[in-house]
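Structure first, commentary second.
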Amino acid sequence: MMRYPTLLAAAFVAVLGIGPVAAEEHGTNPPRQHWSFAGVFGKFDEAQLQRGFQVYKEVCSSCHSMKLVRFRNLSEEGGPGFSAAQVKALAESYQIKDENDKGDVIERPGRPADAFPPLHPNEKAAAAAHGGKAPPDFSVLAKARTYERGFPAFVFDALPFTGYSEQGVDYIHALMIGYGDPPEGKEVPDGVYYNKYYPQGQVIAMPPPLSDGAVTYAKNDKGEPVVPETVDQYARDVAAFMAWAAEPHMMARKALGFQVILFLIVLSGLLYYVKKQIWKRIGGEVHGLQPELHKTS
Amino acid sequence: MSAHATSTYVPKSRIAKWFESRLPLVGLVHSSFIAYPVPRNLNYFWTFGAILSAFLGIQIITGVWLAMHYDPSAANAFESVEHIMRDVNYGWLLRYAHANGASMFFLAVYMHIFRNLYYGSYKAPREVLYLLGVIIYLLMMATAFLGYTLPWGQMSFWGATVITNILAAIPIVGDSIQSLLWGGYSVGNPTINRFFSLHYLLPWMIAGVVVLHVWALHVTGQNNPAGIPIKSSKDAVPFTPYATIKDVFATVAFMIIFAWFIFYQPNYLGHADNYVPANASVTPAHIVPEWYFLPFYAILRAVPDKLGGVVLMFGAVAILAFAPWLDTSRVRSTNYRPVYKVFFWLFVANAILLGWLGAKPPEGGYVIVGRICTIYYFAHFLLVMPLCGLFETPKPLPGSILETVTGPRHTANEGLTAGVPVENANKNIPGGAKPDAVKSH
């Protein structure tokens, strides 16, 4: 679907001589992935969101909070589709800070209406525990990250059929698979890691969080794995989960949008016909800049 | 409001007669939106007034609803916006409609301004109408800027910081203006409090000036693609149903684009950085305003001197107000101005290029091109507009609006009249019956 615009983009860039700024400085552009939730009819894949949540819970959540997501969201429509009982059990496994009737600060088991608790009492404590910089909260991270698409690709990104709004999700996936040995001549200081997709100088403080086989996914009825247990797959699943966490009503939005746009197209078609009929009474009207009528010489 | 005194509205029922003799409100609406004579050659560029009114309404309604759930404090603003997105019923729709509604409002206003400049609508006798439009545009810019700071993301915070800092460059009063806006010594909680208050206030001021804008329009009458006045009843059609149905159709069609952005590209016109909560100790890599401010941002950054940049940026908007007196040509429509037409399209291309440059980092070649474009922007108003009118030979204008619709061969007999009485058409449009001053060219 993107073949044509991409080619056109390449041609434009070549003609205008506006090449992208050196990749070494700003990180390499993430490879574009196929997402089930992309496009007009995009839908989240429940199984993928559940796997993604598993990766978040078992790996990412040791450092990254998700303060804006509530446990109940996990069983709401258009999400990972956990059952109410599963969500209740999950919530109870967390301890939530609260006050009792005497005003004492207590910890009680979580309820579905609670949000995922913060990992540190405040931002400063989070930063102090992680070498000076707090790991970002996951709640809206998939919308808070992007990469520059350049002209003219950014124009096609807005349009029907060539639209593209998964830059942030692609970036998160890319970041997970972007670790590796630095190219020759690239100095990587101690305590940080080379990651070719990280925009700031391609060195990141986060150690590689995933490794092949680190998370054991549920098997199917025959005891076979459903998807490979690789870094690439984990990255894909957790990025999809983060896309949902950032936009839990996305499926409702796209479904309603289709109805609204269809309605507006039909309505404007009818209105156009009514307008034609009304203007017919006085012999119709002319449109545009009317160049032929202005040739008065 | 003398033009409305000639309303053809005749109240029928006793209640209507009783009311009309005490407050002629129905007659005012009737003369403004029903019997009002509209040039019959208007194209779709003339529907943006209706589209803009629709968006003012949409922004106010969605805004009032959002304000019921929004918390204008530095500590809670970001989370309250996410609360709207996640927990308020259809909150995501309200917020995306409001955020993208602002962009659509500007898209429509730029089409409206383009139409005005191309067809010379700013020229006599519509100068006051035009100046009111420039004031609306300024108020829109202020409102949009204030609104963009409210989600209190990184771009909100740093946008507010940049803009309030450049105001400090104004001599003598700059520092006072800055601390007044901040409510302290940096952008913080008092700032978001007062920005929210002002963001709620300004749209009502826009609505007030819009009333004056429409009033002025209905005194002078509309310009049209030929740029010549209505001379007979055959040149005009009554506003209802002809303009009404066209406006309704165009507005609904424009809503398709609006809906596309709300439902399928809701964050396309925003910045990813604004989903990062405001943080005074982390500066984003690129601080970029919303797309509709980019040309002015490019002008600001093209000038090496801070005060100079501020002067030119505000000057770029202010100079619009002088267009009626800078343009020496009495021919309104650019269709009949072969030389100016070339310069006009260069001006449009230059403005778009400035917008592109505004999104680029201020370094190397971008700055040099930015300076050239800035000079050209002002040269269009200060050199092209005055000189073109003096040296250009315009094409002959058509004899009447009807002639532009039916062609010069056809005579008035052939054009079917839509039934506006001549006397009425002329009374409602002062100068409408006068000989066209432009003809002498």
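Right, B:Ile166: part of a helix (DSSP H, G or I) and surrounded by 15 or more Cβ atoms within 10 Å (Cβ to Cβ) or not? Taking the combined requirement at face value, the residue satisfies it. Residue-level check: of (1) crowded, with 19+ Cβ neighbours inside 10 Å; (2) at pLDDT 95 or above, B:Arg301 misses just (2). For region B:227-252, a tally of residues being within 8 Å of another protein chain (Cβ to nearest Cβ) and either of a type in the set (A, V, I, L, M, F, W, C) or touching an Asp or Glu at 6+ places or on another chain (Cβ under 6 Å) (or both) returns 5.
Within region B:253-288, the set of residues being more than 8 Å from chain A (Cβ to nearest Cβ), under 30 Å from the mean Cα position of the chain (by Cα) and among the small types (Gly, Ala, Ser) comprises B:Gly270 only.
Scanning region B:292-303 turns up at least one residue that is over 30 Å from A:Arg145 (Cα atoms) and more than 14 Å from chain A (Cβ to nearest Cβ). Per the conditions (1) surrounded by 20 or more Cβ atoms within 10 Å (Cβ to Cβ); (2) without any contact (Cβ under 8 Å) to a residue 12 or more places away in the chain, the sole criterion not satisfied by B:Val211 is (1).
Here A:Pro208, A:Pro199, A:Pro225 are screened, and the one residue that is within 14 Å of another protein chain (Cβ to nearest Cβ) and of a type outside the set (Phe, Trp, Tyr) is A:Pro199. Kindly indicate the residue of region A:81-97 that is under 23 Å from A:Asp45 (Cα atoms) and assigned to a loop (DSSP other than H, G, I, E, B) and also nearest to the chain's Cα centre (by Cα) among those meeting that condition. Looking at the filtered set, the residue picked out is A:Gly81. Remark: B:Tyr9 falls outside the filter, which requires a residue to be under 30 Å from the mean Cα position of the chain (by Cα) and either among the aromatic types (Phe, Trp, Tyr) or surrounded by fewer than 16 Cβ atoms within 10 Å (Cβ to Cβ) (or both).
When you check A:Gln259 against the structure, is it modelled with pLDDT of 95 or more, within 25 Å of A:Gly78 (Cα to Cα), of a type in the set (S, T, N, Q) and crowded, with 19+ Cβ neighbours inside 10 Å, yes or no? Against the criterion (modelled with pLDDT of 95 or more, within 25 Å of A:Gly78 (Cα to Cα), of a type in the set (S, T, N, Q) and crowded, with 19+ Cβ neighbours inside 10 Å), A:Gln259 does not qualify. Residue count for region B:52-93, restricted to those that are away from chain A (no Cβ under 14 Å), β-branched (Val, Ile, Thr) and without any contact (Cβ under 8 Å) to a residue 60 or more places away in the chain: 3. Among the residues of region B:268-279, those that are surrounded by fewer than 23 Cβ atoms within 10 Å (Cβ to Cβ) and touching a Ser or Thr at 6+ places or on another chain (Cβ under 7 Å) comprise B:Tyr268, B:Leu269, B:Ala272.
Residues in region A:271-281 that are more than 9 Å from chain B (Cβ to nearest Cβ) and either among the hydrophobic types (A, V, I, L, M, F, W, C) or within 38 Å of the chain's Cα centre (by Cα) (or both): none.
Screening B:Thr47 against (1) farther than 24 Å from B:Tyr275 by Cα; (2) crowded, with 19+ Cβ neighbours inside 10 Å; (3) more than 21 Å from the chain's Cα centre (by Cα); (4) of a type in the set (Val, Ile, Thr) leaves a single unmet condition, (3).
Quick check on B:Ala280: is it under 30 Å from A:Pro136 (Cα atoms) and either of a type in the set (A, V, I, L, M) or part of a loop (DSSP other than H, G, I, E, B) (or both)? Yes.
The residues of region B:375-402 that are within 12 Å of chain A (Cβ to nearest Cβ) and in a helix (DSSP H, G or I), listed by number, are B:Ile401, B:Leu402.
Can you say whether B:Ile262 is buried (at least 18 other Cβ atoms within 10 Å of the Cβ), of a type in the set (Val, Ile, Thr) and under 28 Å from A:Gly163 (Cβ atoms), as far as the supplied structure shows? Judged against the criteria, B:Ile262 is a match.
Yes/no per residue for (1) closer than 26 Å to B:Ala285 by Cβ; (2) surrounded by 18 or more Cβ atoms within 10 Å (Cβ to Cβ); (3) in contact (Cβ under 8 Å) with a residue 60 or more places away in the chain; (4) within 14 Å of chain B (Cβ to nearest Cβ):
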{"residue": "A:Tyr56", "(1), (2), (3), (4)": "no, yes, yes, no"}
{"residue": "A:Gly79", "(1), (2), (3), (4)": "no, yes, yes, yes"}
{"residue": "A:Gln86", "(1), (2), (3), (4)": "no, no, no, no"}
{"residue": "A:Ala91", "(1), (2), (3), (4)": "no, yes, no, no"}
{"residue": "A:Phe116", "(1), (2), (3), (4)": "no, yes, no, yes"}
{"residue": "A:Lys124", "(1), (2), (3), (4)": "yes, no, no, yes"}
{"residue": "A:Ala128", "(1), (2), (3), (4)": "yes, no, no, no"}
{"residue": "A:Tyr147", "(1), (2), (3), (4)": "yes, yes, yes, yes"}
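Considering only region A:165-203, how many residues are of a type in the set (Val, Ile, Thr) and surrounded by fewer than 20 Cβ atoms within 10 Å (Cβ to Cβ)? The number of residues fulfilling the criteria is 3. When the test is whether a residue is of a type in the set (Val, Ile, Thr) and more than 30 Å from B:His286 (Cα to Cα), B:Ile206 passes it. Remark: B:Gly120 falls outside the filter, which requires a residue to be in a helix (DSSP H, G or I) and not hydroxyl-bearing (Ser, Thr, Tyr).
The values are calculated or read from the model by the stated rules, or taken from the named source; none is laboratory data. Only a predicted model underlies this, so the values are computations on that prediction, with no experimental measurement involved. Virtual Cβ from ideal backbone geometry, glycine too; neighbours counted across all protein chains shown.
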